[in-house]
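The values are calculated or read from the model by the stated rules, or taken from the named source; none is laboratory data. If you're wondering where the values come from, they're calculated on a predicted model, not measured in any experiment. Every residue, glycine among them, receives a Cβ derived from its backbone with ideal geometry; neighbour counts consider all protein chains shown.
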């Protein structure tokens, strides 16, 4: 990637994405964020230029700049991605840390965040707009949908299927071959030994459904 990148989101995720791009010698043009208190402030020596819908800056995307969406709220993340696709006719770029390991036999989509020490094994099929945090490991042949978040240090064993919008906390272990349903949430440190239904929240070792 030769063009500079504009990062949507001047938060912890945006700062981490900036670090990733810079480790790959990609220039970060600036941040866009809807918190007006941040506007015209420098964050790690890069300016927060304006809001995420500021056409003065978004019009550069697809011409002079690429875009990355560093927002962990799925609703807002989806809205920004939709704008980039429908208005700017571009896909967000991937942010893959130079010290992450993605097998040449893995497949990934667009707009994914893959942080330091993360490992995607051979045969992994991962969609788009996922957040894979530090030292997370995804086993051989696993399938990850879209808008999934996998926390730091989690181990996804071979053959696991994680559907769209699932949230996997930090330090989670999912045993091989398990299916995680759409929008499911798995609490930090849990050990998942049975399938998790769509929309369920589970926690513990072994992970059990948390009653509302």
From 93, 140, grab the single residue that is buried (at least 18 other Cβ atoms within 10 Å of the Cβ) and either part of a loop (DSSP other than H, G, I, E, B) or not assigned by TED's automatic domain parsing to the domain that holds residue 31 (or both).
-> 93
Among the listed residues 105, 63, which satisfies the condition of being at pLDDT below 95, out of contact with any strand residue (DSSP E or B) (no Cβ under 6 Å at 6 or more places or on another chain) and over 18 Å from residue 115 (Cβ atoms)?
-> 63
How many residues are at positive phi and out of contact with any helix residue (DSSP H, G or I) (no Cβ under 9 Å at 6 or more places or on another chain) when one looks only at segment 46-68?
-> 0
Residue set 160, 172; condition within 17 Å of residue 122 (Cα to Cα), surrounded by 17 or more Cβ atoms within 10 Å (Cβ to Cβ) and out of contact with any helix residue (DSSP H, G or I) (no Cβ under 9 Å at 6 or more places or on another chain); output residue 160
Output yes when any residue across segment 147-154 is surrounded by fewer than 17 Cβ atoms within 10 Å (Cβ to Cβ) and either assigned by TED's automatic domain parsing to the domain that holds residue 109 or more than 22 Å from residue 101 (Cα to Cα) (or both), and no when none is.
-> no
Matching residues, segment 69-91, being in contact with a helix residue (DSSP H, G or I) (Cβ under 7 Å, 6 or more places away or on another chain) and touching a residue at least 60 places away in the same chain (Cβ under 8 Å) | 69, 70, 71, 72
Consider residue 80 against the criteria (1) modelled with pLDDT of 95 or more; (2) in contact with a strand residue (DSSP E or B) (Cβ under 9 Å, 6 or more places away or on another chain); (3) surrounded by fewer than 16 Cβ atoms within 10 Å (Cβ to Cβ): it satisfies all of them except one. Which criterion is unmet?
-> (3)
Note on residue 10: of the conditions (1) crowded, with 21+ Cβ neighbours inside 10 Å; (2) in contact with a helix residue (DSSP H, G or I) (Cβ under 6 Å, 6 or more places away or on another chain); (3) farther than 21 Å from residue 148 by Cα, unmet is (3)
